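Heads up: the structure comes next, in structure tokens.
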Amino acid sequence: MKNILYGTTALVAAGVLAGPAFAADGVKLGVGGYYLGAAGGVVSEDFGGDAFVDEDDLRSHVFKQDIEIHFKGETVLDNGLTVGARVELEGQSTGDSRQKPFDGTDRREDQIDAAFAYLRGGFGEVRFGDTSEAGAQMCYLVPSASSMFGADSPFFNFSNAGTVGWSGTNGTCYGLEGAVGRGNDKSTKILYFSPNFVGFSFAASYTPDMTEDSRNTTFGAGTRFDNNSSESSQNFSVAAQFAHDFNGFNLVVGGAGSWGDWETSPPEGDDPAWYNAYLNLAFSGFTIGGAFSYTDNYVSYSDVDYYVYGAGVTYNFDAWTVGVGWTHGTYELTDTTGSPINGEDEQDIIQATASYALGPGITVEAMAGYVDYDDGTTSQANTTGSTKRSDYDAFELGIGLGIRF
């Protein structure tokens, strides 16, 4: 993998340095992005045992939104090489520091979501900067009629399953860094996308250190320490995909693998890995597909894993798209000492989704779903040392507006 990345970088550098390749018009700035807003909640929910929270402390409904502004500067040089940079600005302030998972990690998002430069030509595309790994970018979800709701990696969910177990939703496309980085999934890296060879394409990325926004170091280690607790570094990710239209039947199939090294870990803590596979078939307005992901050793001090899989179908007619999807997640857990807990937690999510195109880039989207979280462990300690556990199930509803520009 290193040879591929180094070789590609050298090829690009050689092309750039071979001679003058100026662009007559210079770099042009473009602006894009999206606004997603939703209202929703649970119409009924049941906690089947002790929980970390009192049911009376939970709201039945909530308003949510996700906004990004994208700035892109790009030019095409006289030798045909496209050079550009992209910065993705979060449209909201950083997240609420009180929203922490049971491991106590603060998952507030940065104001800048991604920032990278790119070179694109006949060789493919090379990116350098803060962006997601190859496996997370070349990835397909379980089909959903909505881009903001769904049973797999949704923008918005309203279930309170996250108060009783490991996760409030299931996801197949988070990648290794999204799984072990506790939200820090856009560390500084180098990433390569190949050209399309008769439907086949691949991508590869390398991350030396899971740190974003790297710059000049005035104190400490300029190359950064390699003994950070619970941090994975030297992360490699590779992804491959085949996409082809067979006389009206469009097939997309692919998969990915990502591997890292825990910087500090006892002997029993194996290094983390993430694997993904998906298949989509589209024909006559229908899209049918499935996806799977497996995360191995997602905690540095214990050999615990989780996996998610699911399937879905959508149908598009005129301005409408409707569909239904399902995912199942199985999660091994640890207590506050890092010791695995006997048994596994399981979560099933079923959602019916719909969207209506009001106009170019403007959609109204809705969902109705059922969530069932089963506690299969004997106990789990949260950050306060409590060992309460609980099953959970709920019906949820949501409606939202999407504006993309």
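Tabulated data for the structure shown
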item	result
Checking Lys100 against (1) at pLDDT below 90; (2) assigned to a loop (DSSP other than H, G, I, E, B); (3) buried (at least 16 other Cβ atoms within 10 Å of the Cβ), the condition it does not meet	(3)
Test: residue in the stretch 202-224 that is in contact with a Phe, Trp or Tyr (Cβ under 6 Å, 6 or more places away or on another chain), part of a strand (DSSP E or B) and surrounded by 22 or more Cβ atoms within 10 Å (Cβ to Cβ)	yes
Some residue of the stretch 209-223 being at pLDDT 85 or above and hydroxyl-bearing (Ser, Thr, Tyr)	no
Residue match in the stretch 262-281 (condition: acidic (Asp, Glu), over 22 Å from Glu212 (Cα atoms), surrounded by fewer than 20 Cβ atoms within 10 Å (Cβ to Cβ) and modelled with pLDDT under 95)	yes
Residues (among the small types (Gly, Ala, Ser), under 25 Å from Met210 (Cα atoms), in a loop (DSSP other than H, G, I, E, B) and in contact (Cβ under 8 Å) with a residue 24 or more places away in the chain) located in the stretch 127-186	Ser132, Ser167, Gly171, Gly181, Gly183
Test: residue in the stretch 216-227 that is under 30 Å from Leu281 (Cβ atoms) and hydrophobic (A, V, I, L, M, F, W, C)	no
Matching option when the condition is more than 30 Å from Val42 (Cα to Cα) and within 15 Å of the chain's Cα centre (by Cα), among Ala239, Ala204	Ala239
Filter result (under 17 Å from Phe292 (Cα atoms) and hydroxyl-bearing (Ser, Thr, Tyr)) within the stretch 313-335	Thr327, Thr330, Tyr331
Subset of the stretch 284-316 that is outside any strand (DSSP E or B) and of a type in the set (Gly, Ala, Ser) - its residue that is surrounded by the most Cβ atoms within 10 Å (Cβ to Cβ)	Ser300
Among the candidates Val126, Val42, residue that is surrounded by 16 or more Cβ atoms within 10 Å (Cβ to Cβ), modelled with pLDDT of 95 or more and closer than 18 Å to Val164 by Cα	Val42
Residue under evaluation Val164, criteria (1) crowded, with 23+ Cβ neighbours inside 10 Å; (2) at pLDDT below 95; (3) out of contact with any Lys or Arg (no Cβ under 8 Å at 6 or more places or on another chain); (4) on the phi < 0 side of the Ramachandran plot, criterion not met	(3)
Restricting the stretch 389-405 to residues that are part of a strand (DSSP E or B) and acidic (Asp, Glu), the residue that is surrounded by the fewest Cβ atoms within 10 Å (Cβ to Cβ)	Asp393
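The values are calculated or read from the model by the stated rules, or taken from the named source; none is laboratory data. Keep in mind the model is a prediction, meaning the values are calculated, not measured. Neighbour counts run over all protein chains shown; Cβ positions are idealised from the backbone, glycine included.
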